[in-house]
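Down below is the structure, laid out as structure tokens.
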Amino acid sequence: MALADYQQVRLVSTFTAPKSSNANDFGAFMNDLLEVTCFIISLGLLGKIKRYLSKRPLPSPDDRKKFDHEFALSTSFHGIHNIAQNRSRVRKAIWLSVVLGSVSLVVWQIYSRLVNFFTWPTTTSVEVQYVEKIEFPAVTFCNLNRFQAEAVSKFGIIFFLWDVVSKVLRLQEVSGNITHSPETLDFVTSHQNFSITEFVKNNGFYLNRDTLLDCKFFGKPCGPKDFKHVFTEYGNCFTFNHGENFQSKNKVSLSGRGLKLLFNVHQEEFTDNPLPGYADAGIIFVIHSPKKEPQFDGLGLSCPVGMHSRVTIRQLKTVHQEYPWGECKPDIKLKSFTTYNTYSCLKECKAQHIQRLCGCLPFLLPGNGIECDLLKHYNCVSPIIDHIELGGLCTMGTHNSSCPVSCEEIEYPATVSYSTFPSQRALKFLAKKLNQSQEYLSENLVNIEINYSDLNYKITQQQKAVSVPELLADVGGQLGLFCGASLITIIEIIEYVLTNFYWIFIFLLLKILEMIQRSPPPQAV
């Protein structure tokens, strides 16, 4: 009879039911019965496991030593076979020291390479590409005097209203005494349906043959029809070579030539708030990519009246790496813009917060929604903008900000030079041609010329200092240099270690089964 069967019989014979019919005694009886039953079942299962493992006998100590010796002689890990086959203890000790030293060096080298890799290092390369043709940028022009003088004389509150509305584009804050003026509060309350959009569009700066006297693009005539109207913090502005215009598809093939414009700013017709910051006369413009919104906040170039502004530009492409090497997110998309950039992202972020909290959208921000009226601008949009700025709800720069840096940017660094325009001889000629006085022309004409300096563009590219293939090649080189090891060697070592672990596991499992079967069975109470 098997040992397990004998123990089962002994357990059953020693187990007797309670003589009392008490309910508590009966419950204890059932618990004891369940415990004994589980023990009998476990003995049967463990017995089967033991019989299965016994069919696969473990190697003897001599066989294990032979296996270790054969591994040492056959492995491609250099130096191990010299330790195993040398009979001299001195040579064994020397080779053991060499192998341990090499292993220590390779571990240190691999550790330092891994630490360097996980700091996500980058390098920056600057390259100048010479091309036969290069795309011309978009240029947005605005009059420094934003509104028509006649409309301002009848509607002087427009300065304050426009400051409130354009606050979403980070214009300077409105002072407290104007904000709380009774006149302003009365107007905002009584004119909720007043459309400041239509008012600025109809009473702001306009572009026609009277304000744009001359336009040439690479010697070919152009006119107001080639400009697109856009709203900025300067009111009505006009973009040449916008993404929707045909010129954006053309490419420049000559340096030193480009866009030439002659403006008449009509100082007697247009005016602005005489406070500091709005007291200039002339044209302000910004050069940007045709796919990007014009951003004047700290980036605009200005040309005063009576001056000729010569602007030479170069195209600069900047490529940023994605996180964790850089700060960009290549998968981020905008709902209202086809091309991602931080300025457009900030506008969209503000629009989402304002639409959620105010239930409307300012016309200067992108999106689809009900346009905010003056009362909403005054009571809701303006405080929400302050809350967004102070609370940091729309941030830019790092990868975890609302608007991380774009993975690719195109900028146009400019060099500007000025000269008096027109000269005395030209002034007399233009006075006759335009039928205006010389004094009028000196106070109203603005001449702007924008050219490429060279037919090339500069690429500033952020690159990974160490890629994954380079890391693997470096680690493999260190293993080969110090230990003569390769991927095959690593597989050999893994196979050797797993085989020994398997033998140890089987040995311990058999010992545990033997101890369980020898343990005394639970006694029934």
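Values quoted throughout were computed directly from the atomic coordinates according to the rules given, and no laboratory measurement underlies them. In this text the structure is predicted, and so the values were computed from the model without any measurement. Note that each Cβ is placed from the backbone with ideal geometry, even for glycine, and that neighbours are counted across all protein chains shown.
Give the peptides 129-139, 464-474, 211-221 in descending order of average Cβ contacts within 10 Å, highest first.
Result, highest mean first: 129-139, 211-221, 464-474.
Please list 3J(HN,Hα) in residue order for segment 267-272, calculated via the Karplus relation 6.51 cos²θ - 1.76 cosθ + 1.60 where θ = phi - 60°; whole Hz, with x for glycine and proline.
4, 6, 9, 10, 8, 7
Give me, ordered by chain and number, the residues 5 or more places off residue 421 or on other chains with an amide H under 5 Å from its own placed amide H.
Placed amide hydrogens put 307, 308 under 5 Å from residue 421.
Could you compute the FRET efficiency for residue 218 and residue 467, with r as their C-beta to C-beta distance and R0 at 45 Å, rounded to 0.05?
Details: r = 43 Å, r/R0 = 0.96.
Efficiency at R0 = 45 Å is approximately 0.55.
Across segment 115-127, in residue order, what do the Karplus-derived ³J(HN,Hα) couplings come to in whole Hz, using 6.51 cos²θ - 1.76 cosθ + 1.60 with θ = phi - 60° and x for Gly and Pro?
Karplus-based 3J(HN,Hα) across segment 115-127 equals 4, 5, 5, 7, 8, 6, x, 9, 10, 10, 10, 10, 9 Hz.
Given R₀ = 56 Å, FRET efficiency for residue 111-residue 338 by Cβ-Cβ distance, to 0.05? Mind dumping the intermediate values first?
On the way: r = 46 Å, r/R0 = 0.83.
Given R0 = 56 Å and the Cβ-Cβ separation, E is 0.75.
Check which residues have an amide H placed less than 5 Å from residue 214's amide H, if you skip close sequence neighbours.
262
Simple spin-label model, 7 Å along Cα-to-Cβ: residue 317 to residue 120 in nm?
Going by the 7 Å Cα→Cβ label model, 2.4 nm.
Using a Förster distance of 41 angstrom, determine the FRET efficiency expected from the C-beta separation of residue 387 and residue 186, and round it to 0.05.
Efficiency for this residue pair is about 0.95.
For segment 54-128, which trypsin sites (Lys or Arg not before Pro) pass both filters: DSSP loop (anything but H, G, I, E, B) and at most 12 other C-beta atoms within 10 Å?
Counting only loop positions with at most 12 other Cβ atoms within 10 Å, the trypsin sites (Lys or Arg not before Pro) in segment 54-128 are 55, 87.
Specify whether the C-alpha gyration tensor of segment 382-478 places it in the rounded, prolate or oblate class, a ≥ b ≥ c being the square roots of the eigenvalues: rounded for a/c under 1.5, otherwise prolate if a/b is larger than b/c and oblate if not.
Note, shape of segment 382-478 comes out oblate.
Would segment 253-371 count as rounded, prolate or oblate if I go by the C-alpha gyration tensor, calling it rounded below 1.5 in a/c and otherwise prolate when a/b exceeds b/c, oblate otherwise?
Cα axes put segment 253-371 in the oblate bin.
Would you mind classifying segment 434-525 by shape? Square roots of the alpha carbon gyration tensor eigenvalues, ordered a ≥ b ≥ c; an a/c under 1.5 is rounded, otherwise it is prolate if a/b is larger than b/c and oblate if not.
Details: a/c = 12.45, a/b = 3.05, b/c = 4.08.
Taking the square roots of the gyration eigenvalues as a ≥ b ≥ c, segment 434-525 is oblate.
How many nm is it between the label spots at residue 310 and residue 297, if each spot is 7 Å from the Cα in line with the beta carbon?
3.5 nm
What is segment 392-469's relative contact order, in percent, from Cα pairs under 8 angstrom and six or more apart in sequence?
Contact order relative to length: 14 percent.
Compute the distance in nm between two label points, each set 7 Å from the Cα along the Cα-to-Cβ direction, one at residue 426 and one at residue 154.
Simple spin-label model gives 3.8 nm for this pair.
Between segment 55-122 and segment 460-496, what is the separation of their alpha carbon centroids in Å?
A separation of 17 Å, based on Cα centres.
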